[in-house]
Every structure is written in structure tokens, then in C-alpha cells.
Amino acid sequence: MQDEHRRAIQNNFASLVEQTDLDHMVSALYEKGVFSEQMIEPYKDLTKDARSRKRLLYRDITRRGPDAFRNLLDALSDAGYWDLVRDLDPNSSLHTRRTKISAPSTSSMSNENDYVSISTEKKKTKPRLDVYKNDSTPIAKDTTDLNMVPQYNVIKSNKFFEDGEDIKLYNTRGHKRGIIVVFSYIEFVNNIETYRKGVDVDCQKLKYLFSEMGFRVISYKNLTRDVCINETVTTLESLKKVIVGVECVFIVVSSHGYERKYSSDTDIRCKDGQLITIYEIIDYFNNKNFPALHGIPKVFIFQLCRGSNVEYIDGPIRFVSPDDPNPPAERDGNPTTDTGRFSQDTPRTPLNKRNRLFSDILIAHSTLPGNVSYRDPEEGSWYIQTLCEVFAARAHDCHVDKLFTLVDKHLHERFHIQTSSVDKWGFNKRLYLHPGLYQD
């Protein structure tokens, strides 16, 4: 390693230790060939605390070969630690991004390989060592092009908000601020559904936004739901071993969606054509199935159609045609007549020993029940565009309830015809994300 690169690591040593996730960095550096399998054993030694193991990792990397620094920058960029990349490398292209709070300007030439399916990952890449014991589901590989970082500025907080007299706050002051898990379904076997162009842009924007706010980002693309190879359910179940010790959780699901008649639920299309419902996904995070998240705020964001109604007062909206060279907007689904219901069980335990199954859950929908949700093939979905702009500009001084209110307000001002909605299930505290602000 060159002396200037070694000095850059030493000068930013504290930031590397404080801000990075050990398990992710160990796996990424192993995959890039910086360390062998034998060499990473000390970093997995659970008899030592994570901080000590991270210090050892970043000391050791200064003793690796001439490509170690470049591989470190790539690993940090892949994980969304773009501030660290800028600090380590004064020549990084990340220094040239524009700072703009309002409308993001993202390149239309998005990298379709940024979010890779589990099956593709196994075929094309060197197996990433399992950093969570007994968890066979790998974290999706990300190969973000540094030139395609979304062009907007995430304003950081300069103070912590305090509990109100009647409504308390969820605790969001620590370094493990949160985790966001993104499930995106873009293409489908045998073309049973249209290719969802623009979703990769949504994914890049979400990754940039939440990384800048101090979240760990995990993303999965094009998972199946077949009985034999049920990647979606396997991944949901494995998250119990991944989401540990965080202060809040965001789950984003983006796909084609379909109305369930006589039900408030919605069907979601997986890669192999099978369906999973919104309620099925949320059920994996209830207080019985995921007790570690009892009392932890869980925010679900669903970018998908919930029916076929086109909502506007007057003036038709033009839909995409295969022969249209300038498609204005696409839709994320069509209706279905399936009438599945959400199961109900009668309580059998004594009243004083019962606790509710669902709490601390906020569910944000890109559209209303029965209606379509629009997506720009170049700029991404209308809803995610607006959400990222609002969160970047206002998360530093607004709680999440208010942020989603502003998202709908700006969605109407900008696109006019789509209405978002929010449901709260026992979400009885204020959630401030406090981007960039930490309490020791």
C-alpha cells in the first residue's frame, strides 16, 4: 500500500471504526480478495467486542497489497459510506456531486446490476462468507457507479428532540440508528408482467438517502416465492439474525400490486409469478414472530398498485405503449379477483397476560386502495422521488408522521393525480430520525 493511502486510513481511523458495519466490511473485503478466509477469523472472534475487531481490521488493511486501498474504497462505496470515501480519497468523483435540496437529478442510465437476486449472486460471484451463523441468505451485492449517486443534499440534524407532555419519542440517538431493507421486483419469468423500468433509480435514491441518514442498507432484487425455492420468505425469516440492536427499521417493497376484493390487503407479484400479500410481509415483524422488535418503530413503504382505478378529475393521462418513444408514466399492477382474508384468532390467555400482536408499525402506501401507482421509466416512481426529496430536506426537523404528510402534499403539487396514504398500528410515539446526529 502506498504511504499516502496508509496515511489517509490513519487520519480517518476513528471515523472508519465508528461508522462502518464490521460484518459487512469483512465480507466485502474477503469477496474482493483483500483477505483470505483464514485471515478474517480474528474479525469473527466473538470473545472480543466489535469495536476492537474493527480497529484490528483497519490496522491490518494498511499492511495489505497495492490494491487494498482501492478495494477498501469500493467496499465503502458499495455499503453507502460515501462521506468516508470522500474523506479518504480527495480525487473521488463523489466530491463533484451537486448539492440540491429540491428535485433530484439522477442519470437515466441506471446500472441494472446494482441489485442482484440471490440465485444470480450464487452463480456469478465468489460466495460471501456468512457473517450471521446459520443464515444462508446472502446480502445482495451492490456495484454502485460513483457517477450515478443521486444529486441532492441530505440536511443533518443539529439538535435532539425531546419527549412531549402527552406523546413520547422513540429513542433514536445511538450509532445504530436503523436499518432499511429494500425488496425490489423488477423483471418476471416468461414476461408474465412488464419489466419495471426506473425501479433501479428508486433503489439508488433510497440507498443514498438512508445511508446519509446513518442507516445500514440491505437490498434484495427479484426474489422468488415458489414452494421449492421460496427466496422471499426465506429472506424475511432470516432478517431476525440481521436486524439486531437497531433503533428503527424501514422495509421497502416495490413491485406490481393487485387489489384483493373485499379486503384492505394487496397482492404483490414475486419474480416467479407467485404472490405474497402486504399483510403476510408485515406479519413477519409482529410482536410474536419478531419479539426483538417489540417497542422498536417499524416503517413499511409499499411502492405498488393497489387496483386499476385511474384517479383524476379531468384531463386523461396517457399510458405507456411498447411503441411510444417517450413514455410518460407506467403503472405497477393490474386488478385481481382473489379474496383472501387476514386471519383472526380468539384470545385464550388471561387478560393480564395478553399483549397485542401488532404495535409500533407505520405503513406508507404510494397510492389508495383500488388505485394505480405511477412510475417514470427514467426518473423512478413518483412516490419514491417525492419521498426522497422530502426526507432529505426535512428529516432533520420533522418527525416521520409529518414527513409522510409532506410527501403527499408535494406528490399532489408535483404530479397532481396520485394520492398516498398512511396507516398506523399502535404507532403511538414520535419518530425523529435525527440524521447525522449521535449521542455517545
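The values are calculated or read from the model by the stated rules, or taken from the named source; none is laboratory data. Predicted model, so just to flag it, every value in this text is computed and none were measured. Cβ placement follows ideal geometry from the backbone for every residue including glycine, while neighbour counts extend to all protein chains displayed. To get the accessible areas, we keep the full protein, side chains included, count just its heavy atoms, and leave off ligands, DNA and RNA. Shrake-Rupley method; radii C 1.70, N 1.55, O 1.52, S 1.80 Å.
Summary table below
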{"quantity": "Spread of Cα-to-Cα distances over 10 Å intervals beginning at zero, given as percent, for the stretch 160-233", "calculated": "16, 32, 26, 17, 8, 1"}
{"quantity": "The stretch 248-317 - Rg over Rh from alpha carbon coordinates, Kirkwood radius", "calculated": "1.08"}
{"quantity": "Solvent-free Debye scattering, log10 I(q)/I(0), computed from the Cα coordinates of the stretch 1-59 at q = 0.15, 0.28 Å⁻¹", "calculated": "-0.44, -1.25"}
{"quantity": "Accessible surface of THR277 - all protein chains present, 1.4 Å probe, nearest 10 Å²", "calculated": "10 Å²"}
{"quantity": "Highest to lowest packing among 55-62, 432-439, scored as the average C-beta count within 10 Å", "calculated": "432-439, 55-62"}
{"quantity": "Under-5 Å amide H pairs with THR266, H placed in peptide plane, nonlocal only", "calculated": "ILE278, TYR279"}
{"quantity": "Area of HIS24 that stays accessible when all protein chains are in place (1.4 Å probe, Å², to 10)", "calculated": "30 Å²"}
{"quantity": "Charge sum, other residues only, whose C-beta stays under 12 Å from PHE404's C-beta, Lys/Arg counted +1 and Asp/Glu -1", "calculated": "+1"}
{"quantity": "Cβ charges +1 (Lys, Arg) and -1 (Asp, Glu), total dipole of the stretch 358-440, debye", "calculated": "260 debye"}
{"quantity": "R0 of 45 Å, Cβ-Cβ distance THR419-ASP87: FRET efficiency to nearest 0.05", "calculated": "0.60"}
{"quantity": "Extension gain from ARG394 to LEU368, taking 0.36 nm per residue of separation minus the Cα-Cα distance", "calculated": "7.0 nm"}
{"quantity": "For the stretch 381-440, fraction of C-alpha pairs farther apart than 18 Å, in %", "calculated": "40 percent"}
{"quantity": "Evaluated at q = 0.10, 0.13, 0.17, 0.18 Å⁻¹: base-10 log I(q)/I(0), Debye formula over Cα of the stretch 143-271", "calculated": "-0.45, -0.72, -1.07, -1.14"}
